[in-house]
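Trainee: Questions regarding the structure given below will be posed in turn.
Any read-out appearing in this document is the output of simple, stated calculations on the displayed coordinates, not a laboratory observation. Since we're looking at a predicted model, the values are computed, not measured. Cβ: placed from backbone, ideal geometry, glycine included. Neighbour counts: every protein chain shown.
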Amino acid sequence: MNYWLMKSEPEAFGIDDLQQMPEQTEHWDGVRNYQARNMMRDDMKIGDLAFFYHSNCAEPGIVGIMEVVKEGYPDFTAFDPNSKYFDAKSVGDKPRWFMVDIRYVRHLKRPIALKELKEYPQLDGMQILRKGNRLSITPVSKEHWDFIVGLENA
DNA sequence: GCCAACGTTGGC
DNA sequence: GCCAACGTTGGC
């Protein structure tokens with residue numbers, strides 16, 4: 001079982017939006033980066049857990065936990081000319097972009113801000129903390145996962 | 001295959 | 001709004 005961190009801008013789609021979806025489940029569409037695509041297509045498995053990270057907002061940080069409930073399949077927004085994620089180079093038999101479905105698990109008892117995450121030497125090397133990191137999906141080690149979940153009660 | 005130009009991400 | 005970091009594109 002693996003752990004992940006997935007970014008989303010709360011103004012576009014935040015954890016509260018996920019919680020309000022039917023069955024608290026949504027497809028993670030619109031990822032247009034090959035590294036992130038590969039992780040969704042190849043590596044993310046049913047039952048894996050992921051942090052929901054709010055980016056590009058007043059208080060960027062980890063706000064909750066979600067679970068992979070459907071493994072990689074073609075991102076259909078790439079096929080839709082009316083979608084802002086349309087990609088003419090992604091066609092039916094050779095889809096270029098993939099997504100997974102994720103289900104809301106819970107909010108953290110308190111949001112843990114990026115600013116706070118940076119304070120802990122225990123989290124050195126975590127990908128989200130690297131300068132210039134822009135990848136919207138990153139793997140999280142079990143050690144880092146457990147440490148961060150442990151911060152909830154601090 | 002190199003690399004400059006350009007676009008996007010995302011913290012601040 | 002600024003800007004650093006990085007990915008992609010396209011000319012050569």
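Trainee: Looking at this model, which pairs from A:7/A:131; A:109/A:142; A:45/A:115; A:45/A:84; A:115/A:142; A:84/A:118 are more than 24 angstrom apart at the alpha-carbon?
Mentor: Values: A:7/A:131 16 Å; A:109/A:142 19 Å; A:45/A:115 30 Å; A:45/A:84 27 Å; A:115/A:142 21 Å; A:84/A:118 34 Å.
The pairs that break the limit, which is 24 Å between Cα atoms, are A:45/A:115; A:45/A:84; A:84/A:118.
Trainee: How far apart, in nm, are two points set 7 Å out from the Cα along the Cα-to-Cβ line at residue A:59 and at residue A:153?
Mentor: Result: 2.2 nm between the two label points.
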